[in-house]
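Report on the following structure.
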Amino acid sequence: MEREVGFDYDRGDIHRTYASGRALSPAQFAVWEELVSEALGGDSVRRVVDLGCGLGRFSAWLSGLTDAAVAGVDRSERMLAQAMADPAERTIHWIRASAEKLPIRDASCDFVWMFLVYHHLVDRPACLAECARILGRGRTLVIVNSTAETLDSYLWLPFFPSARAIDLARLPRRASVIELARDAGLGLVCHRTVMTPVAPDLPTYAERIASRTISTLQMVSDEEWAHGIAGFRRYCQREDRGQPVLDEIDAFTFRRVT
Ligand SMILES: C[S@@+](CC[C@H](N)C(=O)[O-])C[C@H]1O[C@@H](n2cnc3c(N)ncnc32)[C@H](O)[C@@H]1O
């Protein structure tokens, strides 16, 4: 199943703005640490693949968490170049490759982590087959992604009239992630809808969105963007009660069955 590529991280300047616009707080890392610990369930892990690693937001963190050798794989030249320039990421083995065709040996990995990549995939079954191929038997794949089911929870969405259609065309439904993974030989262990604390209050959240580092918002016209972000900033100022903002996202844990 070939799908049209919706967004190219090698166009524009998202590789420069992503790190500041999408920085992860300790509270967010704590959420993901709990999820990874639960997914690995005490397994010893020697090789990890951060698949679609982008700037490596998670790569060094995964290395510290699992004490394993981590490979960061991404198809974007610019995102990887930026990742390699970060001195904190020197221990990572960076690979420029497509998730649908991985230059990694069969059954050589213990854990594949795929965060906000699934909706970008050109060929989902091919990527899942590659994950199954590189994982050892009984080893773990975690996919964290927005889905068609979480879409309407995003506060910014109604401010950008074309954003919903853009995302509905590319976000998977939960059931399809599970079904395609099963077809690839990856059995579902757990699905959770996770609430992540993305900002301490609404005005801070508005500034995060204003970084325009969500690919959907790169795909709306500049005119729609300017109008939408002005309205969203006003909304966030008006509605702020000093409460943290939580984003909803789906997390799926699979194990290679055969
Ligand atoms: C939203 S970013 C997420 C990056 C990283 N996982 C994170 O959470 O910071 C999506 C990344 O997936 C990469 N990507 C998209 N499709 C890919 C594919 N088919 N193969 C490899 N990388 C891909 C993009 O180049 C981009 O760096």
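No value in this document is a laboratory result; all are computed from the given coordinates. Just so we're clear, the structure is a prediction, and the values are computed from it rather than from any experiment. Using ideal geometry, Cβ is built from the backbone for each residue, glycine included, and neighbour counts are taken over all protein chains shown.
How much length is gained on full extension from ASP183 to VAL257, taking 0.36 nm per residue of separation minus their Cα-Cα distance?
25.6 nm
Hey, with R₀ at 45 Å, roughly what FRET efficiency would ARG46 and HIS227 work out to, going by the Cβ-Cβ distance, to 0.05? Before the final figure, lay out each step's value.
On the way: r = 51 Å, r/R0 = 1.13.
Working from the Cβ atoms, E equals 0.35.
Give me the angle, in degrees from 0 to 90, between the Cα long axis of helix 222-239 and the longest principal axis of the Cα atoms of the chain, rounded to the nearest 10.
Helix 222-239 sits at roughly 80 degrees to that axis.
Subtracting the Cα-Cα distance from 0.36 nm times the residue separation, let me have the gained length for LEU168 to PHE29 in nm, one decimal.
47.3 nm
Considering the dipole of region 1-122 built from charges on the beta carbon (Lys and Arg +1, Asp and Glu -1) around the Cα centre, which of PHE111, PHE29, GLY12 is farthest to its positive end?
GLY12
Per Stokes-Einstein, at 4 °C and 1.567 mPa s, what whole-number D in µm² s⁻¹ belongs to region 68-212, with the Kirkwood radius over Cα pairs as the hydrodynamic radius?
D = 75 µm²/s.
Pop out the ³J(HN,Hα) list for region 74-90 in order, Karplus 6.51 cos²θ - 1.76 cosθ + 1.60 with θ = phi - 60°, rounded to Hz; leave Gly and Pro as x.
Each residue's phi maps through the Karplus curve to give 8, 8, 8, 5, 5, 5, 5, 4, 5, 4, 5, 6, 7, x, 5, 9, 5 Hz.
Checking the a/c ratio against 1.5 first, then a/b against b/c, what shape does the Cα gyration tensor give for region 160-237?
Details: a/c = 3.68, a/b = 1.82, b/c = 2.03.
Because a/c hits 1.5 or more and a/b fails to exceed b/c, region 160-237 counts as oblate.
Per residue, what volume in Å³ does the Cα convex hull of region 91-176 take up?
On the way: hull volume 11.1 nm³, N = 86.
Hull volume normalised by residue count: 130 Å³.
Once R0 is set to 30 Å, what does the formula 1/(1 + (r/R0)^6) return for the Cβ-Cβ distance between LEU155 and ALA88, expressed as a FRET efficiency to the nearest 0.05?
0.45
In terms of the Cα gyration tensor, with a ≥ b ≥ c the square roots of its eigenvalues, is region 24-84 rounded because a/c is under 1.5, prolate because a/b exceeds b/c, or oblate?
Taking the square roots of the gyration eigenvalues as a ≥ b ≥ c, region 24-84 is oblate.
5 Å is the cut-off here: which amide hydrogens, built 1.01 Å from N in the peptide plane, fall below it relative to ALA199, excluding neighbours closer than 5 in sequence?
For ALA199, the qualifying residues are VAL245.
Can you divide the C-alpha Rg of the chain by 2.2 N^0.38 Å and report the result to two decimal places?
Working: Rg = 17.9 Å, N = 258, 2.2 N^0.38 = 18.1 Å.
Working it through for the chain, the quotient is 0.99.
If contacts are Cα pairs under 8 angstrom and at least 6 residues apart, what is the relative contact order of the chain in percent?
21 percent.
Taking the chain as a Gaussian network, where each spring joins two C-alpha atoms under 10 Å apart, which residue of TYR154, TYR18, TYR205 fluctuates the most?
Looking only at TYR154, TYR18, TYR205, the largest GNM fluctuation is found for TYR154.
Cut-off 10 angstrom, C-alpha nodes, Gaussian network model of the chain. Which of VAL31, VAL112, VAL49 fluctuates the most?
Of the options given, VAL31 has the highest mean-square fluctuation.
Of the chain, which part is the longest with no trypsin sites (Lys or Arg not before Pro) in a loop (DSSP not H, G, I, E, B) and with at most 10 other C-beta atoms within 10 angstrom?
My reading of the result: 106-240 is the longest stretch.
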